[in-house]
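Working notes, beginning with the structure itself.
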Amino acid sequence: MKIFDSKSKSLREFEPIEPGKAGIYLCGATVQGSPHIGHMRSALAFDVLARWLRRSGYDVTFVRNVTDIDDKILAKSAEAGRPWWAWAYRYEKEFTEAYRALGVLDPTYEPRATGHVPEMIDMIQLLIDRGHAYTGEPGNVYFDVASLPDYGSLTNQSLDDLTVDDDDAATDKRGSHDFALWKAVKDGEPETAAWDTPWGRGRPGWHLECSAMAGKYLGETFDIHAGGIDLRFPHHENEQAQSHGAGYGFANYWMHNAWVTIDGEKMSKSLGNSLIVSNILAEHAPVIVRLALGTVHYRSTVAYSDSTLTEAAAIWDRLAGFVDRSVETAGEVPLEEIAALTKDDLPEEFAEAMDDDLNVSAALAVIHEHVTLGNNALTDHDHVEARDQQILVRAMLDVLGLDPLAEPWRTEASDANLHDALDSLVNRVLEERAQARANKDWELADSLRDSLTDAGITVEDSSEGARWKVGGDLG
C-alpha cells in the first residue's frame, strides 16, 4: 500500500512501526457548534482508510479526539448563558449522531481534552526541562519555536515566511511565532474552565492537547496522523514541534484531506454557506450523503451541490438495486461471510486501486463492473454466479462503508414490518393487474399500474413476473 505523505509530498510505501498493526490519530471536532459537511469529509475519508487497513489484515488502533474546551467554546457558551461544559457536551453528542448517521465506525478511543490535563502538564514540564518552553506571566507557558531546528519542516516553511500564530497579541512572549502551551485564566471566564499547574492556573493550548493524547494512546512514535488540509499550519506544525521537542518521533506519515466547496467556494461560515449535517439529513438519505462525500479521492475537493446528491442517488440505486435483486433470487449472504473476505479475496483491480493512496474513484469503477456481471447472471438465471457477485460487491462496498445490508443502511425491523405490509398490498394490486392482462383488459391493467405509479411505486415487468420498488429505477 502506498500513501501520499503530505510532509514529504510523495507517495510512500506504508511500512508500519509494528508489523500487522497500524496506529492512526485523526484530529476530531472542536465542539463549539453543530457539525457541518466539512467536518464529515474528514471523518469519512479516514473511516475508509481504517476499513481498508483492517480488510488488509492490520490490527488498527484509531484515535479521534474531542476538543471540549477552547476560546470559542467559552465565548459562545457565555453568550448563550450556558455552562461551557454543557455547551461542549451538547455539540459533542451532535457530532456523534452525525458520525453514526453517516456510517462512520466508532474510533478505538475518543479522548476528550479535559480528561488529559495531567498528561499535558507532564509534557509541558518535559519541554521546559529540554529547553523548548518557557513561562511568561503567571499561568502562561509558551513553546520557543527558535529552539527547534526543524520547526516548519511539516509545511516546508522557514520562520521568516511564517505568519504569526493566534497568540500574537500576547506581550510576554520571547518571539512572535512562539505559541501557547498553557493559557492563563482570563477575567470573566468561569472558574471551572481552569486547572492548577506549577506555572499558575489556566487551561491548555489547542496544539498541546493533540500531542499529549496521541502520545498516550499511540505511543511516542506512531504510524499515521490525519486531518483536514486547513489544519496543516499552524495546528499540525505545532503538534509536531511539541512532540519533537519532547524527544518523540511522532507521526511517520501525514495524510490531509481536501475541503468541500459549494459553488466553487471553500465552505465556511464567513461565506454564509456552511451546511449543517442535521439539516441535510432531514432532506436527503444519509447513505446518499455518504456516497457523495466519501467516494471522491480524499485529496480532491468535493464540489457539493444538489446535482452532486442527485448523481449519488442514481449510483446508489444501481448498487443497492443489484444487491436487493440478488438477495431476492439467490439469497442473502450473511455479514460474517462478507467480513471474512480478505484483501486477497477481492478483485485484484479493486485492491490495486485502494492500495494506490485510497483511489476510491477507481475502486468504485471496479464495483460497477462486478454489478454488471451480477446483473447479467440474474438475467441468465445463474443464481450461483449472482451470489458470488453479491459477495464481492458487498465486500468492496463495505470497504467504502456502503454495504446496503450492513448497519446503518440495513432496514430496521420496524421498516421491515412496514415493507411487508406494503408488499402485501402492492402484490394484491399486481395480481389484479396480472388477471386483467390475462383477460386482455388493458384499460384496467394500465389503470392499476398508474395507481401504483401515482403512489410513488415503480413497476417493472420481467420474464419472472412483475417487480416493484418505492421510487427510482429498478435497474
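Things to note:
- Residue that is modelled with the lowest pLDDT, among those in the range 137-161 that are surrounded by fewer than 19 Cβ atoms within 10 Å (Cβ to Cβ) and touching a Phe, Trp or Tyr at 6+ places or on another chain (Cβ under 8 Å): LEU159
- Residue identified as in contact with a strand residue (DSSP E or B) (Cβ under 7 Å, 6 or more places away or on another chain) and modelled with pLDDT of 95 or more among ARG318, ARG299, ARG325, ARG290: ARG299
- Any hit, the range 29-50, residues being under 18 Å from SER278 (Cβ atoms), polar (S, T, N, Q) and assigned to a loop (DSSP other than H, G, I, E, B): yes
- Residue match in the range 232-255 (condition: in a helix (DSSP H, G or I), at pLDDT 95 or above and under 24 Å from ASP356 (Cα atoms)): yes
- Being within 23 Å of the chain's Cα centre (by Cα) and either closer than 18 Å to TRP84 by Cα or at pLDDT 95 or above (or both) is a condition met by at least one residue of the range 195-206.
- Flag if ARG394 is basic (Lys, Arg) and within 26 Å of TYR58 (Cβ to Cβ): yes
- Scanning the range 219-241 for residues that are surrounded by 24 or more Cβ atoms within 10 Å (Cβ to Cβ) and under 16 Å from HIS116 (Cα atoms) yields a total of 1.
A quick yes/no check of all residues on (1) modelled with pLDDT under 95; (2) under 23 Å from the mean Cα position of the chain (by Cα); (3) surrounded by 15 or more Cβ atoms within 10 Å (Cβ to Cβ):
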residue: ASN359; (1), (2), (3): no, yes, yes
residue: VAL371; (1), (2), (3): no, no, yes
residue: ASP398; (1), (2), (3): no, yes, yes
residue: PRO404; (1), (2), (3): no, yes, yes
residue: PRO408; (1), (2), (3): no, yes, no
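- Residues of the range 89-120 that are in contact with a strand residue (DSSP E or B) (Cβ under 7 Å, 6 or more places away or on another chain) and hydroxyl-bearing (Ser, Thr, Tyr): THR108, TYR109.
- For GLY115, the requirement of being exposed (fewer than 15 other Cβ atoms within 10 Å of the Cβ) and assigned to a helix (DSSP H, G or I) is met.
- Qualifying residue in the range 341-350 (condition: farther than 17 Å from LEU319 by Cβ and among the aliphatic types (A, V, I, L, M)): yes
- Of residues in the range 200-218 being among the charged types (D, E, K, R) and either surrounded by 24 or more Cβ atoms within 10 Å (Cβ to Cβ) or without any contact (Cβ under 8 Å) to a residue 12 or more places away in the chain (or both), the one farthest from THR61 (Cα to Cα): ARG203
- Looking only at residues in the range 290-313 that are touching a helix residue (DSSP H, G or I) at 6+ places or on another chain (Cβ under 8 Å) and more than 22 Å from ASP230 (Cα to Cα), the one that is surrounded by the most Cβ atoms within 10 Å (Cβ to Cβ) is LEU291.
- Flag for ARG64 being surrounded by 23 or more Cβ atoms within 10 Å (Cβ to Cβ), of a type in the set (Lys, Arg), in the same structural domain as GLY188 (by TED's automatic domain parsing) and within 22 Å of TYR217 (Cβ to Cβ): yes
The values are calculated or read from the model by the stated rules, or taken from the named source; none is laboratory data. Keep in mind the model is a prediction, meaning the values are calculated, not measured. Methodologically, a virtual Cβ is constructed for each residue, glycine included, from the backbone with ideal geometry; neighbour enumeration extends over all protein chains shown.
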